[in-house]
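Peer 1: Here it is: the structure, laid out below.
The values are calculated or read from the model by the stated rules, or taken from the named source; none is laboratory data. Computed from a predicted model, the values in this text were never measured in an experiment. Neighbour counts are summed over all protein chains in view; Cβ atoms, including those assigned to glycine, are modelled from backbone coordinates with ideal geometry. Side chains included, ligands, DNA and RNA excluded: accessible areas come from the protein's heavy atoms. Shrake-Rupley method; radii C 1.70, N 1.55, O 1.52, S 1.80 Å.
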Amino acid sequence: MRTLLIAGNWKLNPTTVEAASALAEGVKNGLGAATDVHVAIAPPFVFLTQIDGVLSGSPIGLSGQDMYWENSGAFTGEISGPMLVDVGCTHVILGHSERRHGQGETSAQVNAKLKAALGVKLIPIVCIGETKDERLAEQTEAVLLEQLSGSLAGLSPEEMAGVVLAYEPVWAIGTGLTASPEQAQAAHAYIRGWLTQVFGEATAARVVVQYGGSVKPDNAVELLSCPDIDGALVGGAALKAADFLAIIKAGQEVTARGKS
Ligand code: PGA
């Protein structure tokens, strides 16, 4: 069984470094030294240095929410991979739907960022997922195919094995609507099948594919129990330490029980 990764995407929250540190502290203290599931948090860039200090001595990974594909230069407002590494990051979220749809980010751009992230040994969390209209038009697999082949182009099987994917149906993000375990598992099985075709079975079996979209303490166990769901990318519920810890606990329960 792949080790589950539960990651908290804080997005544009909270608004002060004090509140961010308190949230990180709460997660750190609640988790302790447990490593049966992998855990990471993605605070806003400006809090990363401070939070890296808070997380010192804990197994919690630190993630950027995005990065640029160039390492340095005249790119106003951008943040690079080496900068994330320098402030203690282990992970970086790429191609989140709020960037693909909100900022017009393309799969080709996500691919450039992904290669830059791998170049500095950050663990990338590459997000993919269809909108509500695309699902209603039965375009889910076509959209996933475009996002997978575009975002992951040119990777070797070895590189692919180190990439985390997050299937996040856009209609489920921040809406309180969650994909049913059947809908989520079907999309994850499609993703695993594509990985098998392109990178081979051994690599496909190693890739961690998270589900994201209104994951909460009360739906985490059923989602995480699905055979091809290897963790959760959590937005809203990651902003309360108790809720995020409850989702981690759900992952620990599923891990202890094992899945087929
Ligand atoms: P949500 O966000 O849990 O608030 O739906 C998930 C995400 O955007 O990663």
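Peer 1: If a residue has to be more than 15 Å from the chain's Cα centre (by Cα) and within 15 Å of the ligand (Cβ to nearest atom) to count, how many in segment 89-146 make the cut?
Peer 2: Looking only at that region, the number is 7.
Peer 1: Look at segment 77-86 and say how many of its residues are within 17 Å of L118 (Cα to Cα) and open to solvent by 20 Å² or more (accessible area, probe 1.4 Å).
Peer 2: 5
Peer 1: Identify all residues within segment 6-33 that are modelled with pLDDT under 95 and either touching a strand residue (DSSP E or B) at 6+ places or on another chain (Cβ under 8 Å) or open to solvent by 50 Å² or more (accessible area, probe 1.4 Å) (or both); write none if there are none.
Peer 2: Matches in segment 6-33: A33 only.
Peer 1: Something else: Give me the pairs: first residue in segment 236-260 and under 15 Å from R2 (Cβ atoms), second residue open to solvent by 50 Å² or more (accessible area, probe 1.4 Å) and acidic (D, E), beta-carbon distance under 7 Å, and six or more apart or on different chains, which are they?
Peer 2: From segment 236-260, the pairs are Q252/D36; T255/D36.
Peer 1: Those residues that are in a loop (DSSP other than H, G, I, E, B) and either in contact with a helix residue (DSSP H, G or I) (Cβ under 9 Å, 6 or more places away or on another chain) or modelled with pLDDT under 95 (or both), I need them from segment 136-157; list them, please.
Peer 2: Matches in segment 136-157: Q139, L152, A153, G154, L155, S156.
Peer 1: Related question: Of (1) within 29 Å of W69 (Cα to Cα); (2) within 16 Å of the ligand (Cβ to nearest atom); (3) touching a Ser or Thr at 6+ places or on another chain (Cβ under 7 Å), A161 satisfies all except one. Which?
Peer 2: Condition (2) is where A161 drops out.
Peer 1: Moving on to the next point. For residues that are farther than 18 Å from L148 by Cβ, open to solvent by 50 Å² or more (accessible area, probe 1.4 Å) and either part of a helix (DSSP H, G or I) or at pLDDT below 95 (or both), tally how many sit in segment 105-135.
Peer 2: Count: 3.
Peer 1: I'd like to check something: does segment 188-202 contain any residue that is polar (S, T, N, Q), at negative phi and either surrounded by 16 or more Cβ atoms within 10 Å (Cβ to Cβ) or within 16 Å of the ligand (Cβ to nearest atom) (or both)?
Peer 2: No: zero hits.
Peer 1: Here's another thing I want to ask about it. Which count do you get for residues in segment 220-236 that are within 14 Å of the ligand (Cβ to nearest atom) and surrounded by fewer than 21 Cβ atoms within 10 Å (Cβ to Cβ)?
Peer 2: 1
Peer 1: Let me ask something additional. Look at segment 158-184 and say how many of its residues are closer than 11 Å to I229 by Cα and open to solvent by less than 10 Å² (accessible area, probe 1.4 Å).
Peer 2: Qualifying residue count for the region: 4.
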